[in-house]
1. Kindly list, by first and then second residue, each pair from a residue in the range 1-20 that is on the phi > 0 side of the Ramachandran plot to a residue that is within 16 Å of ligand 2 (Cβ to nearest atom), limited to pairs with Cβ atoms under 9 Å and residues at least 6 apart or on different chains.
2. Against the definition (buried (at least 21 other Cβ atoms within 10 Å of the Cβ), part of a helix (DSSP H, G or I) and out of contact with any strand residue (DSSP E or B) (no Cβ under 8 Å at 6 or more places or on another chain)), how does residue 289 come out, yes or no?
3. Inside the range 152-176, can you point out the residues that are within 16 Å of ligand 3 (Cβ to nearest atom) and part of a loop (DSSP other than H, G, I, E, B)?
4. Would you be able to say whether some residue in the range 67-86 is touching a helix residue (DSSP H, G or I) at 6+ places or on another chain (Cβ under 7 Å) and within 14 Å of ligand 2 (Cβ to nearest atom)?
5. How many residues are over 15 Å from the mean Cα position of the chain (by Cα) and either more than 18 Å from residue 441 (Cα to Cα) or buried (at least 20 other Cβ atoms within 10 Å of the Cβ) (or both) if we restrict to the range 131-173?
6. What do you reckon, is residue 105 at positive phi and either surrounded by fewer than 24 Cβ atoms within 10 Å (Cβ to Cβ) or touching a residue at least 40 places away in the same chain (Cβ under 8 Å) (or both)?
7. Among the residues of the range 188-203, is any within 10 Å of ligand 3 (Cβ to nearest atom) and in contact (Cβ under 8 Å) with a residue 12 or more places away in the chain?
Ligand code: NAD
Ligand code: G6P
Ligand code: MN
């Protein structure tokens with residue numbers, strides 16, 4: 001009998017919450033729950049999701065006690081895991097993170113370039129507050145954090161909460177491996193055993209084997225050279241790729257791959273390797289935040305309201321995808337000592353031999369009751385090392401700017417981003433971002 005767990009989802013009103021609830025319910029044999037709680041600082045938004053999830057739980061796993069609250073003490077007391085996915089400033093602020101740089105001819109993106117830097121300055125205090133609630137009310141718990149920008153959040157937690165039990169994670173490598181599994185005819189992305197190194201949204205694969213140890217790279221490379229991570233025909237069952245903008249991003253990996261055919265790139269490298277092309281294909285009046293509000297957010301909230309009005313979730317369209325699978329698998333590995341291998345964002349400490357010890361890197365780790373143990377990825381090539389060191393300096397400067405309330409350091413961070421052409425453009429963007437983020441950022445000196 002596995003010991004039952006108590007979980008709080010922080011950011012209960014997130015568009016990802018219902019998917020995680022579906023995954024948790026489907027995994028009661030592998031990760032049984034005694035309590036599930038939702039916490040959010042926007043009670044009204046959370047209530048919409050909670051009302052639907054209460055019905056789903058009542059119908060499918062009534063033994064789980066379910067609570068939705070905006071009270072930190074109630075939320076964080078007696079929990080084993082905090083699954084965090086907050087968005088400080090919400091999708092409207094994401095929209096400004098994307099539109100302000102674009103106005104100056106620079107990539108406008110949730111986690112990359114000046115938009116990601118702006119989001120980092122908002123996220124740091126929000127995530128640190130969650131860590132403090134956890135440490136106060138459930139000091140033995142683990143926080144598994146999806147809240148973005150994960151690189152900057154990870155660097156901030158490394159400095160501000162060095163002893164905290166927080167693991168920062170990203171679903172992009174998981175989603176890419178799912179796409180690759182579909183392409184090469186493997187049942188599951190989890191069947192790919194990989195070697196990968198980099199920063200979050202900034203990394204490369206050097207190896208992909210199947211579970212028997214056969215090298216999958218030759219076949220994958222042949223495909224990526226032609227189609228990127230997109231399918232070679234219109235037929236594909238990857239829900240992510242139903243959206244044209246994600247399909248473009250998966251296909252664009254073809255070009256990132258051409259820069260270094262020795263490795264396979266993370267999709268996010270397109271923002272650093274082809275910023276001119278990305279800007280040329282962006283609509284500064286309708287960015288990804290607008291798309292998400294018009295599609296994912298609208299669909300999910302409509303489905304929540306439909307379930308609540310019907311009083312039954314018998315026909316719900318909510319599904320558990322690989323995003324939810326990854327966080328639940330990680331919690332299970334920590335709780336039940338499975339020693340599964342997963343990509344996590346952790347302090348380098350030599351895992352990548354020729355990067356600084358104190359870089360927060362994304363590398364494969366073995367996960368068990370002891371926590372995570374990063375695997376040694378060895379020495380990386382000059383090209384990747386150069387790119388990573390530049391981006392690492394950007395992320396470290398953002399956290400320093402936040403801690404010292406320094407305009408100058410934030411200007412240096414934006415200037416150093418590979419997406420920004422000059423210090424003049426960096427300053428113009430920063431001044432607009434300061435104005436837009438008054439309600440969130442510390443006052444810069
Ligand atoms: P969303 O805006 O729909 O949901 C976020 C929720 O967080 C909202 O209900 C909001 O009220 C709440 N919130 C905001 N600030 C808070 C705070 N300080 N305390 C408590 N609650 C707070 O956003 P979404 O599109 O569902 O995304 C949620 C987060 O997950 C984002 O940060 C997104 O970037 C991240 N995400 C990360 C990955 C990854 O790979 N790491 C993958 C998917 C999503
Ligand atoms: C991937 C990334 C996340 C990012 C998300 C954005 O899942 O790993 O870090 O938040 O994409 O997706 P969206 O659909 O909101 O643009
Ligand atoms: Mn991510």
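The values are calculated or read from the model by the stated rules, or taken from the named source; none is laboratory data. As the structure is a prediction and not an experimental result, all values here were calculated from the model. Don't worry about glycine lacking a Cβ; one is built from the backbone with ideal geometry, like all the others, and counts go over all protein chains shown.
1. Going by the 9 Å Cβ cut-off, the qualifying pairs are 11/17; 11/83; 11/84; 11/85; 11/86; 11/87; 11/146; 11/147.
2. yes
3. 169, 170, 171 - these are the residues of the range 152-176 that are within 16 Å of ligand 3 (Cβ to nearest atom) and part of a loop (DSSP other than H, G, I, E, B).
4. yes
5. Selection size over the range 131-173: 21.
6. yes
7. yes
Let's see how each residue does on (1) buried (at least 20 other Cβ atoms within 10 Å of the Cβ); (2) at pLDDT 95 or above; (3) more than 16 Å from ligand 3 (Cβ to nearest atom):
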site: 1; (1), (2), (3): no, no, yes
site: 11; (1), (2), (3): yes, yes, no
site: 21; (1), (2), (3): yes, yes, yes
site: 38; (1), (2), (3): yes, yes, yes
site: 53; (1), (2), (3): yes, yes, yes
